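Read the figures in this text as sums done on the coordinates, not as results from a lab. In this text, all values refer to a predicted model and were calculated from it rather than measured experimentally. Cβ: placed from backbone, ideal geometry, glycine included. Neighbour counts: every protein chain shown.
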Amino acid sequence: MKIGISCYPVYGGSGVVATELGIELARRGHEVHFITYAQPFRLPYFMERIFYHEVEVPSYPPFEHPPYNLALSVAMQNVVEQHNLDLVHAHYAVPHATSAWIAKEMLGRAGFRIVTTLHGTDITLVGQDPSYRSITEFSIRKSDGLTAVSESLRWQTHNAFGSDIDIKVIPNFVDLEKYGRNVHPCHHSKLAREGEKIITHISNFRPVKRVEDVVRIFAKIAQQVPSRLLLVGDGPDRARVQETADSENVADRVLFLGKQTSVAELLACSDLFLLPSEQEAFGLVALEALACGVPVIASRTGGLPEVVDHGETGYLAEVGDIDGMAEAGIGLLQDKERWKTFSAAAAKSAERFSADRVVSQYESFYAEVLAR
């Protein structure tokens, strides 16, 4: 198949999934064309059967805000026409599925199909904004095939836009050859002192991730367990998180590592992963942690209960329950045998979401959509 992929290329779960999916599809012999405004950050070098088409948005005096979605539509039209694509896989309804539909109308033929994957905020945030609600629903209904990354997100979509919308759940996935406790060497001495546990959090530091809660949970754990907190990523809450570390008197034990193109080595060296988010449609970073044998402490929200098995691979608590999450973390880190049991169960549970299993589901779904 010849497949176009349009996504946000920046640091975030949807861009990671879209890029990794393209890589896996290319490995299986498909021709993949990424169509977006910047090269996906998980696609750092040339790979066979993968092509990148940059969307250029020219400045034009009457446009105070250059219309990216229109430039994207034209780019999609050109790529589909020049390379005879079978389908365009849009990650997020707005703007990617919207632009794909415009491109299809411009071509004036039904020769390519639109598959849209919903990742979360396109439904829970953008889709609920009155300014975007109708165009979100339109883009969803005009897609030839629709997937969601969790049962929770499928339910939310039906609740928001109608139960008659046909949605297939295809979860996010992890490359088990890349993520594993024994895949990468652990450089513990470069991250923490001898005897200290390593606790990790990875996100884009937006308010929904509640990174300040991460620091508060860590501060309580650190009172009883010698440990270090690794914060990977960056975003609008970065300064406030630093202030919280200062006010909790743990700034000297918190390492801000910024954005990382690869987190597998850091996770393989971690003892605990914290994800106290307000909302998570799936929780890809939690899955990547589990694959590395790292127990996860997370919020009982969105798709996280579909990823983290409470009491087996980690613990779930209500959003904002800092004391409960800290207590769960302390219990795990202080009980060596229980941690080993959870670690082994975490790695085993990640096999449900292996790239081999999930990418095959996408291939089957593509074939189903193309046959309609």
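Suppose every Lys and Arg Cβ carries +1 and every Asp and Glu Cβ carries -1, with no other charges. What dipole size does the chain come out with about its Cα centre, to the nearest 20 debye?
440 debye
Rg(Cα) of region 173-258 divided by 2.2 N^0.38 Å?
Region 173-258 yields a ratio of 1.15.
Any idea how far apart residue 27 and residue 54 come out in nm if each label point goes 7 Å out from Cα toward Cβ?
Placing both labels 7 Å along Cα→Cβ, they lie 2.8 nm apart.
Whole percent per 5 Å bin, from 0 to the bin with the longest distance: what is P(r) over all C-alpha pairs of region 132-278?
It works out to 2, 8, 15, 16, 14, 12, 11, 9, 7, 4, 2, 0, in whole percents.
Length gain on complete extension for the stretch residue 259 to residue 37, per 0.36 nm per residue less the alpha carbon to alpha carbon distance?
Here the answer is 78.0 nm.
Any chance you could run the full-extension gain for residue 45 through residue 338? It's 0.36 nm times the residue separation minus the Cα-Cα distance, nm to one decimal.
Stretched out fully, the residue 45 to residue 338 stretch lengthens by 101.4 nm.
How large are Rg and Dmax for region 253-335 when calculated on the C-alpha trace, in angstrom?
12.3, 33
How big is the Kirkwood radius of region 188-353, worked out from every pair of different alpha carbons and given in Å to one decimal?
So the Kirkwood estimate lands at 15.3 Å.
Please name which of 292, 270, 282 has its Cα lying farthest along the dipole of region 253-302 towards the positive end, using unit charges on Cβ (Lys, Arg +1; Asp, Glu -1) and the Cα centre as origin.
Towards the positive end, the residue furthest out is 270.
If r is the Cβ-Cβ distance from residue 186 to residue 364 and R0 is 51 Å, what FRET efficiency results, to the nearest 0.05?
In this case the efficiency is close to 0.85.
Just to confirm my understanding: which cysteines in the chain have no other cysteine beta carbon less than 4.7 Å from their beta carbon?
Here 7, 292 come out as lacking a disulfide-compatible partner, given the Cβ-Cβ threshold of under 4.7 Å.
Once label points are set 7 Å from the Cα along Cα→Cβ at both residue 81 and residue 133, what is their separation, rounded to one decimal in nm?
The answer from the label model is 3.7 nm.
Provide the gained length on full extension for the span residue 323 to residue 74, in nm with one decimal, where the gain is 0.36 nm per separating residue minus the Cα-Cα distance.
The residue 323-residue 74 span can extend by a further 84.5 nm.
So what's the back-of-envelope 222 nm ellipticity for the chain, counting only DSSP H runs of four-plus at -39500 (n - 2.57) apiece and dividing by all residues, rounded to 500?
Only helices count here, giving -12000 deg cm²/dmol.
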